[in-house]
Amino acid sequence: ADLLVALERHEALRGMNTALKAGGTLVYYNTVWQPLDVRLGVSDEIGEEVIQQECRNRKITEIKVFHDHLSDARMQNIALLRAIHQKGLIPGLTEAHYKASMEDLMEGEMLKKNLDFFQSRTNKNA
């Protein structure tokens, strides 16, 4: 793959090692949802430095996304999509496409919060 999007660090590292080609682009949300093997103490938690080193070794463009002000953890998906859109990583995909997708999946206050966040120009940690 040329582009890999991951919702957390374990997923990012696993995806890099199984699908992302050298020289590709990794976009990931910089958090950890502990997999069972980490919770059981069988494996270690993946730190961001592990991902950074792997990106350097394979000349992968690393785009780390994190927002400490999200009112709902479910908005992490939108944070990733926002970063992808702002950096123009998927040619031909416009803001209207993202908006239409959100309107298909959400309504009311949830839709408003996600659209407001997606369309905001604040680029803190993205």
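None of the figures in this text is laboratory data; all of them are computed from the coordinates on show. Computed from a prediction, not measured in an experiment: that's the story for all the values here. Positions of Cβ are generated from backbone atoms using ideal geometry, with glycine treated the same way; all protein chains shown enter the neighbour counts.
Within straight-line reach of Lys113, meaning a Cα separation under 17 Å, sit the following aspartates and glutamates at least 8 residues removed in sequence or on another chain: Asp68, Asp72, Glu95, Glu103, Asp104. Taking 7 Å steps out from each Cα toward its Cβ at Lys99 and Gln52 produces label points 3.7 nm apart. How big is the gap, in Å, between the Cα center of region 1-52 and the Cα center of region 64-96? Centre-to-centre (Cα) distance: 17 Å. Residues in region 55-69 carry Karplus couplings, in order, of 4, 4, 4, 10, 6, 8, 6, 9, 10, 9, 10, 7, 10, 7, 10 Hz; the curve used is 6.51 cos²θ - 1.76 cosθ + 1.60 with θ = phi - 60°, and Gly or Pro positions show x.
The relative contact order of the chain, computed from alpha carbon pairs under 8 Å that lie at least 6 residues apart in sequence, is 23 percent. Within the listed set Leu81, Leu89, Leu105, the residue fluctuating most in the Gaussian network model of the chain (springs between alpha-carbon atoms under 10 angstrom) is Leu105. Think of the chain as having a plus end and a minus end, set by charges on the Cβ of Lys, Arg, Asp and Glu; of Gly108, His10, Gly88, Gly88 sits farthest toward the positive end of this dipole. Here is the list for region 1-69: chymotrypsin sites (Phe, Trp or Tyr not before Pro) lying in DSSP coil, each with at most 14 other C-beta atoms within 10 angstrom of its C-beta, are Trp33. Find me the longest stretch of the chain that has none of the exposed GluC sites (Glu not before Pro), where exposed means in a DSSP loop (not H, G, I, E or B) with at most 14 other Cβ atoms within 10 Å. Answer - 46-106. Here Lys112 is the anchor, and the lysines within straight C-alpha reach of less than 23 Å, apart from those fewer than 8 places off in the same chain, are Lys87, Lys99, Lys124. Rounded, prolate or oblate: which fits the chain, taking a ≥ b ≥ c as square roots of the Cα gyration tensor eigenvalues, rounded meaning a/c under 1.5, else prolate when a/b beats b/c? Oblate.
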